[in-house]
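In what follows, a single structure is set out as structure tokens and then discussed.
Taken together, the values in this text are just the output of simple stated rules run on the coordinates, not laboratory data. Predicted model only: the values in this text are computed from it and were never measured. Note: ideal-geometry Cβ built from the backbone for every residue, glycine included; neighbour counts use all protein chains shown.
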Amino acid sequence: MIPSKPRFILALVVLGVIGYLSIAAPKPVPPLAPFLDPVRGVWAVARNAVLPQTAAGTVPGLTAQARVFYDLRGVPHVFAASELDAYRALGYVTARDRLFQLDLQTRAAAGTLTELVGPVALGVDQETRALGLPRAVERQLLGVDTASEAWRTVEAYSDGINAYIDGMHAADLPLEYRLLDARPARWKPVNTLYLLARMGLTLAYDPEELRRLRVAALVGDRAADALLSPRAAIQEPIEPNGQTAPRIDSTPLPPPGAPDTAAGALALALGSATRGLDALSRHGSGGDVTLGSNNWAVSPARTRDKFALLAGDPHLDLTLPSIWYAAHLSAGGLDVYGVTLPGAPAVTIGFNRNVAWTFTNTGADVMDFYAESVDVAAHPTKYLVDGTWRPLEQRVERYRDTDGRVFATDTVLYTHRGPMRRAGGRWLSMRWTVLDRPMMIATFLQIAHARSADEWLSDMSTYAWPAQNMLVADRSGTIAIRSTGTFPMRPDNGRGDIVRDGTKSASDWTGSWPVSRYPGARNPAQGFLASANQQPVDPRMDSTYLGADWPDPWRAMRINALLRADSQATVDDMRNDQTDPGSARADLFVPAFLAAAHTVLAATPNDSVLHDAADLLGAWDRRYTEDNERAVLFEMAMRELARRLWDELIPPGDSAPAVRPPESVIAALLQQPSSVWWDDRRTSGTVERRDDILAASLRAALGDAKRRYGEPGNDNWRWSKVQHANIYHLLELPSLSRLNIEVQGGPGTLSPSSGSGRAGPSWRMVVQMGPDVHGWGTLPGGESGNPASGRYDNMLRSWRTGTLDALYFPLDSQVLAGPPRSPSLTLSPPGRR
Amino acid sequence: MRDVKPFLLATCIFALATWAAPWPVIPVVSAVMLLVAPRAFSPLMLACAAGAAWGGILAWTTLYAPLGRLAAELGGIVHLPGAALVALSVAVAAALAWGGAELALAVRARASPSVVVHKDN
């Protein structure tokens with residue numbers, strides 16, 4: 001029979017539709033047939049999820065064969081003939097596991113996300129470029145000594161990445177590229193600089209001036225100074241101050257002053273200029289402290305085994321794959337284990353056979369704003385300095401789509417200080433250490449070789465940004481810490497939290513702190529050192545301005561309390577402390593709430609709600625364990641307290657404070673029961689005192705908690721039902737993310753869990769510096785970026801429970817090559833396979 | 001029963017073709033098979049064979065790779081069970097093969113309209 005015409009037409013339609021959806025499908029739909037092809041399509045991602053028992057590759061530039069063995073946790077151990085070869089191999093294995101992450105992170109820093117994901121990312125790219133990051137990187141590149149060992153290492157790493165990209169088959173394409181219908185670009189050495197600039201943005205972007213202006217606009221300059229003070233209200237500094245307990249500032253808080261309208265206008269301008277980057281500030285967009293890290297070390301005398309112990313616990317955004325990539329590099333004089341940033345050829349946090357090190361963010365003020373005068377407000381070409389017009393540098397930024405076509409342009413203006421932006425009719429320029437000097441990868445390459453803590457600190461002396469509290473311990477038992485980075489010196493009062501007059505060159509930075517002045521300590525008498533982003537040095541010891549509005553010291557207080565109480569510290573103690581559910585914050589505020597409730601109940605004994613609330617809170621053990629059913633009441637009471645206490649900071653027409661001062665300021669206010677700040681000005685005819693506000697907050701918290709979670713005792717009150725960790729995939733696809741993870745810890749605990757749960761411990765590590773160095777660690781995910789791989793999230797369990805895994809640090813490759821054989825990869829120079 | 005051998009043959013050819021070349025090979029191979037051996041193959045059989053070939057490759061993959069986990073992750077993205085995406089892959093292969101075969105049938109009929117082309121029409 002002759003085929004029917006309808007079937008012929010139907011066949012044409014079927015093939016046409018499939019062809020269209022496969023070749024010209026509108027984004028974001030991936031091309032249908034290529035996507036579903038069982039050999040080259042998305043299903044190939046499953047085949048790449050498994051490490052083959054043996055694999056081989058070629059890497060141009062290798063001087064000899066390099067071997068890579070993967071241990072049971074999926075961590076690569078690189079054994080190479082030379083250091084450059086080791087970094088080439090590191091580039092290769094990083095690309096093999098994290099290619100999409102390499103690409104995405106770099107593009108985010110370069111302001112070229114639109115070239116990967118299309119115009120949807122234009123706003124993000126514009127913010128990045130307006131900050132001046134790409135320009136700064138380009139200028140840094142011009143100053144690079146291309147003959148230096150560091151740059152040769154960057155190039156070697158780049159060679160490794162490109163060798164992997166060049167050797168990729170269609171089936172090797174990571175899932176994300178398939179979803180986006182994109183291809184990876186070849187890697188350039190400059191991408192490493194972009195990536196490091198991105199870390200600068202993550203860790204050192206904090207427009208402190210904005211918060212202060214917003215407060216000054218409402219309650220005047222003097223009150224703003226006190227609320228967001230350069231002197232933290234509770235002193236538990238990184239550099240030991242000789243005290244055995246935290247010191248709470250007893251200076252009375254000045255009363256609210258008259259609103260400062262000039263500050264209000266400037267706050268509006270600055271807020272408008274920085275709005276797109278609010279979430280990057282350590283205060284987060286909702287006033288929620290988003291990032292926090294801990295590290296501590298114990299001298300041999302205070303450990304059970306008489307070896308120095310070091311614990312590292314940097315907190316960053318939680319992502320899948322993890323922000324870190326763990327690796328062991330062994331080549332010649334190099335033998336180092338730790339975590340690398342995918343895109344940067346260096347072990348950032350880790351240990352070698354002699355020294356272990358880790359960081360927390362210093363949070364120093366390294367970014368300033370200047371109010372500029374320009375020749376033409378709408379389209380300026382010059383700006384005024386000391387009565388002379390200087391030309392503005394104009395840089396045209398071009399944004400390309402996924403096909404490489406320019407679809408948008410804008411112009412960023414620069415003064416000699418940095419990028420200048422118009423906001424609210426004003427022009428503000430910015431100076432920022434991250435834009436000033438290159439982050440020297442050389443320092444990280446050097447420290448991998450350090451033989452002692454002193455040598456390590458010496459190597460780190462030239463480190464510029466982002467400023468870090470660098471903790472180091474060595475096998476001889478030395479422990480040391482130093483807040484290291486470029487700390488600007490400023491004219492007159494030295495303050496960096498004010499917008500300065502850009503028309504005067506006298507407003508400019510006058511230099512930077514010498515290393516000898518950096519806060520720090522070495523082998524202190526107390527036998528331990530700890531940092532948790534708190535103010536590094538007690539202003540009674542050094543009052544030079546380093547920053548303001550310091551993060552609350554709750555984690556620092558807790559870890560110091562734990563370390564003071566433990567004179568026989570063990571590895572398990574260190575590990576357990578990292579997820580300790582205790583809270584210095586609760587220890588301080590719960591008694592205050594209860595005392596206030598009892599005072600108020602004495603006058604109003606029939607207040608049954610307050611009575612119940614006090615009973616419930618009083619029964620709390622002040623621990624944020626997963627099954628705890630009282631922490632939620634305390635958290636709601638704290639929220640209510642801030643809302644009632646800071647009524648002076650609520651802008652007209654709003655219902656929430658524009659800025660929430662640190663909770664340590666509230667702790668100091670507890671000692672001033674009659675302070676005018678306690679009065680809630682919204683209640684006319686009544687003047688509240690401390691106990692009134694505390695009791696009212698507790699009472700309201702119980703009502704809110706019942707409305708939200710039901711009666712006390714209800715399962716919904718369990719902490720694990722209230723607060724979760726959420727680890728999102730880089731593309732924020734929920735099915736590739738790990739969400740609603742039950743974790744121990746709450747706001748202010750050593751493993752803080754608060755807000756959206758999207759930030760947290762990014763790498764936990766404990767190292768014992770005995771005759772043989774032993775390490776334990778875990779990542780919030782795994783080594784692979786392939787969601788189908790067991791190595792995508794195989795460490796999540798130990799991360800959630802805080803158990804840590806033993807880190808395998810073999811002396812030579814034979815241990816891994818012998819039975820049972822580990823998956824291996826042999827990398828050879830071209831033509832020598 | 002006599003259709004089993006050509007079906008298995010077609011399945012093997014589709015599988016090999018898929019290993020060797022990207023997806024457009026399916027309708028092309030389907031058309032060629034129908035043109036070369038019109039008595040042995042029908043569009044329906046070729047569709048089933050292509051689906052079986054892709055399904056077989058996927059089944060083989062599950063023996064050594066976490067295809068089930070991947071399917072579940074992908075299904076989550078589009079809010080479908082992972083098995084639905086596997087089924088969609090099989091369906092796409094079948095549709096490509098059927099379309100190619102039907103077009104070949106039309107071409108062949110146009111070239112020699114008196115020829116009886118195949119059994120199931």
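Sort A:611-617, A:370-376 by the packing proxy (mean of other Cβ within 10 Å over each peptide's residues), most packed first.
Answer by packing, highest mean first, reads A:611-617, A:370-376.
At a 10 angstrom cut-off on C-beta neighbours, averaged per residue, how do the peptides A:26-32, A:803-809 rank from highest to lowest?
Working: A:26-32: 14.6, A:803-809: 18.9.
Result, highest mean Cβ count within 10 Å first: A:803-809, A:26-32.
Quick one: Debye curve from the alpha-carbon atoms of region A:99-181 only, equal weights, vacuum; give me log10 I(q)/I(0) at q = 0.12 Å⁻¹ to two decimals.
Computed log10 I(q)/I(0) values: -0.48.
Would you mind ranking B:7, A:351, A:528 so that the residue whose beta carbon has the fewest other beta carbons within 10 Å leads the list?
Result, fewest neighbours first: B:7, A:528, A:351.
Note the angle between two axes, namely the Cα long axis of helix A:149-167 and the longest principal axis of the Cα atoms of chain A, as a number of degrees from 0 to 90, rounded to the nearest 10.
So the helix axis and the longest Cα principal axis differ by about 60 degrees.
Using the 2.2 N^0.38 Å rule of thumb for compact globular proteins, work out how chain B stacks up: its C-alpha Rg over that value, please.
Here the answer is 1.17, to two decimals.
Along each of the three principal axes of the Cα atoms of the protein assembly as shown, give the extent in whole Å, ordering the values from largest to smallest.
106, 66, 66
Once you put a point 7 Å from the Cα of residue A:183 and another 7 Å from the Cα of residue A:317, both along the Cβ direction, what distance in nm separates them?
2.8 nm
Please work out the Cα convex hull volume for region A:1-108 and give it in Å³ per residue.
In region A:1-108, the Cα convex hull volume per residue is 194 Å³.
Taking every residue in B:16-28, how many Cβ atoms of other protein chains lie within 10 Å of its Cβ, on average? Please report the intermediate quantities before stating the final value.
Values: counts 0, 0, 5, 3, 1, 3, 8, 14, 7, 1, 3, 6, 0.
Average per residue, whole number: 4.
So what's region A:625-722 giving for Cα Rg divided by 2.2 N^0.38 Å, two decimals? Could the numbers behind the result be given before it?
Details: Rg = 14.8 Å, N = 98, 2.2 N^0.38 = 12.6 Å.
Normalised Rg, Cα atoms only: 1.18.
Would you list, by chain and number, the lysines whose Cα falls below 24 Å from the Cα of residue A:382, excluding same-chain residues fewer than 8 positions away?
The reachable lysines, counting only those whose Cα sits under 24 Å from residue A:382, are A:504.
Which lysines have a Cα less than 22 Å from the Cα of residue A:706, not counting those fewer than 8 places away in the same chain?
Result set, ordered by chain and number: A:721.
Under the definition of partner shielding as Cβ atoms of other protein chains within 10 Å of a residue Cβ, what is the mean value for peptide B:50-56?
Counting Cβ atoms of other protein chains within 10 Å of each residue's Cβ and averaging gives 1.
Can you put B:64, A:337 in order of Cβ neighbours within 10 angstrom, beginning with the fewest?
B:64, A:337
Under the 0.36 nm per residue contour assumption, what length would be gained going from the current alpha-carbon distance of residue A:243 and residue A:515 to full extension?
Full-extension gain reported as 95.4 nm.
Short version: what are the Cα gyration tensor semi-axes of region A:127-267, square root of 5 times each eigenvalue, largest first, in whole Å?
For region A:127-267, the semi-axes come out at 48, 22, 17 Å.
Set the Förster radius R0 to 51 Å, insert the Cβ-Cβ distance between residue A:146 and residue A:650 as r into 1/(1 + (r/R0)^6), and round the FRET efficiency to 0.05.
Taking R0 as 51 Å, the efficiency between residue A:146 and residue A:650 is 0.35.
Which far-off residues, 5 or more places away or on another chain, put their amide H under 5 Å from the one on residue A:626, with H placed in the peptide plane?
none
From other protein chains only, count the Cβ atoms within 10 Å of every residue's Cβ in A:42-50, then give the mean.
If you average over the peptide's residues, the count of other-chain Cβ atoms is 6.
Taking the radius of gyration and the Kirkwood hydrodynamic radius from Cα positions alone, what is the Rg/Rh ratio for region A:169-248, to two decimal places?
1.30
What is the extension gain from residue A:506 to residue A:50, computed as 0.36 nm multiplied by their sequence separation minus the C-alpha to C-alpha distance, in nm to one decimal?
Gain in length upon complete extension: 158.0 nm.
Hey, can you rank A:478-486, A:711-719, A:172-180, A:298-306 by average C-beta count inside 10 Å, highest first?
A:478-486, A:172-180, A:298-306, A:711-719
Rounded to the nearest 0.05, what FRET efficiency is calculated for residue B:4 and residue A:401 with R0 set to 51 Å and r the Cβ-Cβ distance? Could you put the intermediate results ahead of the total?
On the way: r = 52 Å, r/R0 = 1.02.
For R0 = 51 Å, the calculated efficiency reads 0.45.
Using 1/(1 + (r/R0)^6) with R0 = 45 angstrom and r between the beta carbons of residue A:607 and residue B:21, what's the FRET efficiency to the nearest 0.05?
Calculated transfer efficiency: 0.05.
When 1/r is averaged over all different Cα pairs and the result inverted, which Kirkwood radius in Å belongs to region A:685-812? Write down the numbers at each step before the final one.
Working: mean 1/r = 0.0557 Å⁻¹.
Hydrodynamic radius (Kirkwood, Cα pairs) of region A:685-812 is 17.9 Å.
Whole number please: convex hull volume per residue, Cα atoms of region A:372-509, in Å³.
Convex hull volume per residue, Cα atoms: 170 Å³.
Within straight cross-link reach of residue A:5, meaning Cα distance under 19 Å, which aspartates and glutamates are found once same-chain residues fewer than 8 apart are removed?
Reachable aspartates and glutamates: B:102, B:120.
Over the C-alpha atoms of region A:531-605, what are the Rg and the largest Cα-to-Cα span, Dmax, in Å?
So, for region A:531-605, Rg and Dmax equal 17.4, 51 Å respectively.
Order by neighbour count: A:531, A:754, fewest other Cβ atoms within 10 Å first, most last.
By the 10 Å Cβ count, ascending, the order reads A:754, A:531.
Tabulate in residue order the Karplus-calculated ³J(HN,Hα) for region B:89-95, using 6.51 cos²θ - 1.76 cosθ + 1.60 with θ = phi - 60°, rounded to whole Hz; enter x for Gly and Pro.
Per-residue couplings from phi come out as 4, 4, 5, 5, 4, 4, 5 Hz.
So what's the angle, to the nearest 10 degrees on a 0 to 90 scale, between helix A:631-645 and the longest Cα principal axis of chain A?
60 degrees
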